[in-house]
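The structure appears below as structure tokens.
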Amino acid sequence: MRRKEREVASPAKIDRIIESCDCCRLGLAADGAPYIVPMNFGYRRENGVPTFYFHSAAAGRKLALIRRSPRAGFELDTGRRIQEGETACRYSFCYQSVIGAGVLSFVTEEREKREALDCILRHYTGKGGWAFEGKAFEAVTVLRLTADTLSCKEHL
């Protein structure tokens, strides 16, 4: 990281920053050009490993790309605001951001799928213990991204 003074190294603080984000952008490999898709997500550390969960329709370009190449990059950001300056070159942009990479996999086991969907809903509502029933549960695709690289920085 070029700007070491902006690096966030504390896993607890990184987790708080991720929890304050409302969108995770996935970068997938797509025939010589990146394909970036914004996703709703749930997040937790599993045995110390940052793990993201996503839900999706059962078909589409994103899933076809993941099946072909499950390695993905990701980006999250929050706290964006302009910091005014006395001159144009003294303006700055404040933010907190997380970037990384990992491997996507399909969650097929029913218990984990329920836990993952609950994790996603908890992220946005603050509530857990959701029930998932019937055709809607069966139709949704759930993805897990296990991060093997992750960096975080902030400029406040």
List the chymotrypsin sites (Phe, Trp or Tyr not before Pro) within segment 16-124 that DSSP assigns to loop and that have no more than 13 neighbouring Cβ atoms inside 10 Å. Tyr91
Loop only per DSSP, at most 16 neighbouring Cβ atoms within 10 Å: give me the trypsin sites (Lys or Arg not before Pro) in segment 92-139, ordered by residue number. Lys127
What is the spread of the Cα atoms of the chain along each of their three principal axes, largest first, in whole Å? 59, 40, 27
For the chain, what's the relative contact order in percent, using C-alpha pairs closer than 8 Å and at least 6 residues apart? 30 percent
Rounded, prolate or oblate (a/c below 1.5 giving rounded, otherwise prolate when a/b exceeds b/c) for segment 101-154 by Cα gyration tensor: oblate
What list of ³J(HN,Hα) couplings, whole Hz, do you get for segment 89-96 from phi and the Karplus terms 6.51, -1.76, 1.60, once you set θ to phi - 60° and write x for glycine and proline? 6, 9, 5, 8, 10, 9, 6, 10
Output the relative contact order of segment 57-143, whole-number percent, from Cα pairs under 8 angstrom with separation of 6+ residues. 29 percent
Take the Cα atoms of segment 10-83, build their convex hull, and give its volume per residue in Å³. 128 Å³
Per residue, how much accessible area does segment 65-156 show when a 1.4 Å probe rolls over the protein heavy atoms, in square angstrom? 60 Å²
Quick one: accessible surface of Arg61, probe radius 1.4 Å, all protein chains present, in square angstrom to the nearest 10. 130 Å²
If I compute solvent accessible area with a 1.4 Å probe over the protein chains, what percent of it on the chain is carbon and sulfur? 52 percent
Residue-normalised 222 nm signal for the chain, counting each DSSP H run of n ≥ 4 as -39,500 (n - 2.57), nearest 500 deg cm²/dmol, is -7500 deg cm²/dmol
I'd like the distance between the alpha-carbon centres of segment 81-156 and segment 30-54, rounded to an integer number of Å. 7 Å
DSSP loop GluC sites (Glu not before Pro) with at most 13 other Cβ within 10 Å excluded, longest remaining stretch of the chain: 1-83
In segment 1-103, if the dipole is taken from +1 on Lys/Arg beta carbons and -1 on Asp/Glu beta carbons about the Cα centre, which of Ala59, Gln83, Tyr43 is farthest to the positive end? Ala59
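The values are calculated or read from the model by the stated rules, or taken from the named source; none is laboratory data. A quick note: this is a predicted structure, and the numbers were derived from the prediction, not measured. Here the Cβ is made from the backbone with ideal geometry for all residues, glycine too, and neighbour counts use every protein chain on show. Quick note on the areas: whole protein, heavy atoms, side chains included, nothing else; ligands and nucleic acids left out. Shrake-Rupley method; radii C 1.70, N 1.55, O 1.52, S 1.80 Å.
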